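To start, the structure itself, in structure tokens.
Bear in mind that the values in this text are calculations on the coordinates, not laboratory data. Worth saying up front: this structure is predicted, and the values here are computed from it rather than measured. Neighbour counts run over all protein chains shown; Cβ positions are idealised from the backbone, glycine included.
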Amino acid sequence: MRQTLAGSQARFVHCRLQRGLEVVLERREERLRLALGRMDAPPSDVEIELCQQAFAAPPDCDVRRLVKWRNGKGGPVTYHVAELTWREVI
């Protein structure tokens, strides 16, 4: 995902993993945003830690947990999200 983002003009890259975890890596000027989310349950501490290591996010990156609502085909959908942000030029 990092290579895809770095090698293109895309603003973000999205991937869905097992157990429904969705991963979004987003470029925001000189910052990166790694969002981990799913509908039925928040990402676990272990999932956050593993993704933080896999994406080489620094240990002191900002981590926020939040709930977001989106309009789905059948009505509103609730996402439990963990956002990691850090400064990096790619």
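Does segment 52-72 hold any residues that are among the aliphatic types (A, V, I, L, M) and closer than 14 Å to E26 by Cβ, and which are they?
Hit for segment 52-72 is A57, nothing else.
Any residue in segment 6-25 that is exposed (fewer than 12 other Cβ atoms within 10 Å of the Cβ) and acidic (D, E)?
no
With the requirement that a residue be surrounded by 11 or more Cβ atoms within 10 Å (Cβ to Cβ) and either over 13 Å from the mean Cα position of the chain (by Cα) or under 17 Å from F12 (Cα atoms) (or both), what does segment 73-89 give you?
Across segment 73-89, the qualifying residues are V77, T78, V81, A82, E83, L84, T85, W86, R87, E88.
Just to verify a result, which residue in segment 28-47, among those that are over 16 Å from V81 (Cα atoms) and in contact with a strand residue (DSSP E or B) (Cβ under 7 Å, 6 or more places away or on another chain), is surrounded by the most Cβ atoms within 10 Å (Cβ to Cβ)?
R31
Going through segment 53-66 one residue at a time, which ones are of a type outside the set (F, W, Y) and touching a strand residue (DSSP E or B) at 6+ places or on another chain (Cβ under 6 Å)?
Scanning segment 53-66 gives A57, P58, C61, D62, V63, R64, R65, L66.
Identify all residues within segment 11-45 that are on the phi > 0 side of the Ramachandran plot and free of Cβ contacts under 8 Å to residues at least 12 places away in the same chain; write none if there are none.
E29, the sole residue that qualifies.
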